[in-house]
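Take a look at the structure below.
The values are calculated or read from the model by the stated rules, or taken from the named source; none is laboratory data. Being a predicted model, the structure only gives us computed values, none of them experimental. Cβ placement follows ideal geometry from the backbone for every residue including glycine, while neighbour counts extend to all protein chains displayed.
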Amino acid sequence: MRVVDNDGKPGPLVDAEGYIFGVLGGQPRDDDWVRDVAIPAAQLMEEAGQQLFDRVFHGVYYGTRKQEQRSREKAGLPPPRRGTDRTATTGYSMGGGQQFPTTCFNTVIKTVVLAGLLAQKPFRRIAGFTNTLLKCYAPDLHTFYSQTMDHIHDWNPNLRRNFSATVSVFATATFNFGPQTVTFPHLNFANLAWGWCAITALGDFDPNKGGHLILWDLKLIICFPPGSTILIPSALIRHSNTSIGSHEKRFSFTQYTPAGIFRFVDNGFRSEEEVNSTEMSAEERAARVEARKTRWAEGLKMYQKCPTLLP
């Protein structure tokens, strides 16, 4: 394993052929980013986590973490695949048998709290910075995401974006309220295979001692300071992060678009089940199979050559 320092300046992750497959986004060149964005965002997440999981209504709507753990153990279920921290997801998604994209289900209280977070300036600035990184380092991929979002909202204008179209091209966001966020090695296999997932670390911890992002398949351990963002193809590369000190706090804000949404648009606004149940000739079915075989190669064409490595 190799440790990679992250000094807060944006830089690409480049493969052996010179293609950019991810970004160590760092932070914008803004001297006030930590004061105006990173610290307030962490404070907002800490307060929201307390409202969602530590208040009187906590047991009524969500159950305590100990109750959840006992329930999983009683049912013979393993720990959550990504980790045991407290999370909440907002936006819209498609998967798990859904026939079309739908708004992520949340209770009324959770919906209000999450909407309040998204409306806050620190998270709008994080989303805007993330959007800029994607557009800069993978413009074709950014266009693909943007056009897919536009198609979905033309199909159903009632689906609510987390942020305006000019701020973010991602459909879904997950808040991990920690308060000491640590994830297990995992793949986000529900995401687009060649798509990117944007992870923003927040909190109060020493990034030289903990909170590192581990990309297991690449044998990289990346320093991940609070207030910085990293974009990776999370469906392809196993990743996790290291623990932090017992007195420290770490949260994360993740943005992505599930693969099911792209498939739905590609299928002419139909689910895989609906398409497969449609009567097709042998030629049509064979053409569909061939088209699926080329999708991966077409997706990789959206990656850019690193300018410094161009001939």
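Observations
- The set of residues in the stretch 183-209 that are touching a residue at least 40 places away in the same chain (Cβ under 8 Å) and surrounded by fewer than 19 Cβ atoms within 10 Å (Cβ to Cβ) comprises Phe184, Pro185, His186, Leu187, Phe189, Ala190, Ala193, Asp204, Asp206.
- The residue list Gly128, Gly116, Gly95 contains one member that is touching a residue at least 60 places away in the same chain (Cβ under 8 Å) and more than 22 Å from Val275 (Cβ to Cβ), which is Gly116.
- The stretch 12-34, subset over 19 Å from the mean Cα position of the chain (by Cα) and surrounded by 11 or more Cβ atoms within 10 Å (Cβ to Cβ), residue nearest to His142 (Cα to Cα): Tyr19
- Arg238 touching an Asp or Glu at 6+ places or on another chain (Cβ under 8 Å) and surrounded by fewer than 22 Cβ atoms within 10 Å (Cβ to Cβ): yes
- Residue count for the stretch 102-151 under the criterion of being in a loop (DSSP other than H, G, I, E, B) and closer than 15 Å to Trp196 by Cα: the result is 1.
- Only one of the numbered conditions (1) surrounded by 14 or more Cβ atoms within 10 Å (Cβ to Cβ); (2) within 28 Å of Asn156 (Cα to Cα); (3) of a type in the set (A, V, I, L, M, F, W, C); (4) within 21 Å of the chain's Cα centre (by Cα) is violated by Trp296, and that is (1).
- Checking each residue in the stretch 252-287 for being surrounded by 13 or more Cβ atoms within 10 Å (Cβ to Cβ), in contact (Cβ under 8 Å) with a residue 40 or more places away in the chain and of a type in the set (Asp, Glu) picks out only Glu274.
- Check on Ile221, surrounded by fewer than 20 Cβ atoms within 10 Å (Cβ to Cβ) and at pLDDT 95 or above: yes
- If you go through the stretch 1-36 and pick out every residue that is within 18 Å of Leu231 (Cβ to Cβ) and either in contact with an Asp or Glu (Cβ under 9 Å, 6 or more places away or on another chain) or in a strand (DSSP E or B) (or both), you end up with 13.
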